[in-house]
Amino acid sequence: MNRGGDYKHSVKGNTEFIVGKLTFGKLIFLSIVTLALSSFGPLSLFAPIPMAISFLLYGVKYTGSLSALIMVAMVTASKLIPGADFLLSQASVYFVASVFGFFASRVIVKRQEPVKGLIQWSSALLLLIAGGVIVLSIASEFTLVNQIETFVTKSFEEALQRPEVKERLDAGGQEARALSSILNDPQMVVKTLLEWSFTAMFVGVFFSMWLTLYLVLRNVVIWKETHNYPYTLKDFVSFKAPDFMIYGLLAGMVMIVAGEYIHPLAEVIGFNITYSLGVFYFFQGFGVFMASLDWLGFRGFLRTALTVFTIFLGYKMIALVGVLDLFFDFETKLKKKSRSEGDIL
């Protein structure tokens with residue numbers, strides 16, 4: 001391995017190079033998987049994972065070059081091919097997946113402690129996003145709010161002209177009325193977007209980075225031969241939120257409950273604080289959940305199914321467990337109980 005984290009390679013013919021046991025075709029395959037995941041709504045959340053593995057196996061030079069080529073091709077096609085406008089948004093998702101994949105791979109390449117790497121690189125990404133927003137706001141003659149209003153209004157006007165939307169509205173019913181009220185009131189949508197933009201960005205970045213690192217570390221067998229990483233998945237899920245963070249969480253809850261007596265925006269601020277800090281308690285609660293699965297002896301498909309179900313459907317309960325873990329230290333108790341039962345057996 002060279003100093004930049006890339007791997008030495010040799011050229012074989014004009015179409016293939018070898019990086020250890022890896023071929024250029026496998027690099028393309030990982031990019032295609034990323035592209036496919038980027039195209040399917042909720043599954044785009046998993047798109048950074050093959051990209052992170054690609055960065056780990058092939059390095060920045062080859063993965064970055066191929067990713068840039070794919071994005072340029074999609075943007076070009078969206079401009080030249082009639083009806084291919086969707087490729088522009090897909091290229092944007094692919095770009096975001098590439099950024100998350102790159103940042104997640106840096107944790108392993110730099111041999112950082114995984115929790116520290118999660119905090120560092122997620123914070124760096126948030127700073128980059130904030131900097132980009134500030135630069136765009138300064139460079140544009142319109143304010144950010146005006147740009148959002150214009151975008152949302154135009155998008156809703158275009159949506160109202162689509163045959164499938166007209167068909168749904170003409171069908172009537174509660175769903176049609178709800179859709180009509182949203183599409184005919186873009187100002188309300190803009191207001192909601194602005195109120196929840198901080199939480200969406202903060203939680204989205206940290207959770208996406210956490211999920212990427214979790215699955216990359218869970219599939220360590222793919223890249224362990226190319227990186228001597230000294231930490232394991234167990235180190236990653238043993239997340240502990242700082243004790244002082246509970247005061248911020250309590251302050252947020254107080255603002256939610258008493259917001260109407262404090263300030264018109266207090267309730268919104270309280271929700272933003274609570275959800276933003278709640279993501280860290282989710283990380284902590286998930287460690288307790290994994291320790292409980294170890295104690296119960298769940299393995300294989302059942303363990304995987306329960307994990308997926310918990311991450312996406314039981315996240316609020318897991319966050320609550322994370323908060324309670326500050327006072328009861330469930331994980332330590334589970335380990336002690338497991339050891340004592342082992343001695344009895």
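The values are calculated or read from the model by the stated rules, or taken from the named source; none is laboratory data. Bear in mind that the values here come from a model prediction, so they are computed numbers and not experimental data. Reconstructed Cβ throughout: ideal geometry from the backbone, glycine too, with neighbour counts over all protein chains shown. What goes into the accessible areas is simple: the full protein's heavy atoms, side chains included, and nothing from ligands, DNA or RNA. Shrake-Rupley method; radii C 1.70, N 1.55, O 1.52, S 1.80 Å.
Result for the chain in a Gaussian network model with C-alpha springs under 10 Å: among 304, 63, 274, the largest mean-square fluctuation is at 304.
For segment 247-320, applying the loop criterion from DSSP together with a ceiling of 16 other beta carbons within 10 Å to the trypsin sites (Lys or Arg not before Pro) yields 299.
The heavy atoms of residue 224 present about 120 square angstrom of accessible area, all protein chains included, probe 1.4 Å.
How about segment 69-172: which GluC sites (Glu not before Pro) there lie in a loop by DSSP and see at most 16 other Cβ atoms within 10 Å? For GluC sites (Glu not before Pro) across segment 69-172 that sit outside H, G, I, E and B with at most 16 neighbouring Cβ atoms in 10 Å, the list reads 141. Counting helices only, and only those DSSP H runs with n ≥ 4, report the 222 nm mean residue ellipticity of the chain as the sum of -39,500 (n - 2.57) divided by its residues, in deg cm²/dmol to the nearest 500. So the helix-based figure for the chain works out to -25500 deg cm²/dmol. Exposure check, 1.4 Å probe, all protein chains in place: residue 74 carries approximately 20 Å² of accessible surface. Think of segment 25-183 as a dipole: +1 on every Lys or Arg Cβ, -1 on every Asp or Glu Cβ, centred on the Cα centre; then among 51, 107, 69, 107 lies furthest on the positive end.
Around the Cα centre of the chain, unit charges on the Cβ atoms of Lys, Arg, Asp and Glu (plus for the first two, minus for the last two) sum to a dipole of about 1540 debye.
Under 15 Å from a label point 7 Å along Cα→Cβ of residue 327: give me every residue in segment 223-249 with its amide N that close. Residues passing the 15 Å test: 246-247, 249. When only alpha carbons are used to place a centre, segment 250-318 and segment 72-89 end up 39 Å from one another. Figure note: 317, 51, 245 ranked by solvent-accessible area, largest first, 1.4 Å probe, ligands and nucleic acids not counted: 317, 245, 51. Pick out, from 178, 139, 125, the residue whose Cα sits farthest towards the positive end of the charge dipole of segment 119-198, with +1 on the Cβ of Lys and Arg and -1 on the Cβ of Asp and Glu. Value computed over the given set: 125. Taking a ≥ b ≥ c as the square roots of the eigenvalues of the Cα gyration tensor of the chain, is the shape rounded (a/c under 1.5), prolate (a/b larger than b/c) or oblate? Because a/c hits 1.5 or more and a/b fails to exceed b/c, the chain counts as oblate.
Cross-link pairs exceeding 28 Å in C-alpha to C-alpha distance, out of 26/316; 234/316; 79/110; 61/240; 224/316, comprise 26/316; 79/110; 61/240; 224/316. Can you give me the solvent accessible area of residue 215 with a 1.4 Å probe, rounded to the nearest 10 Å²? My reading of the accessible area for residue 215 is about 40 Å². Using a Gaussian network model of the chain in which every pair of alpha carbons under 10 angstrom is joined by a spring, one finds that among 244, 328, 283 the greatest mean-square fluctuation is at 244.
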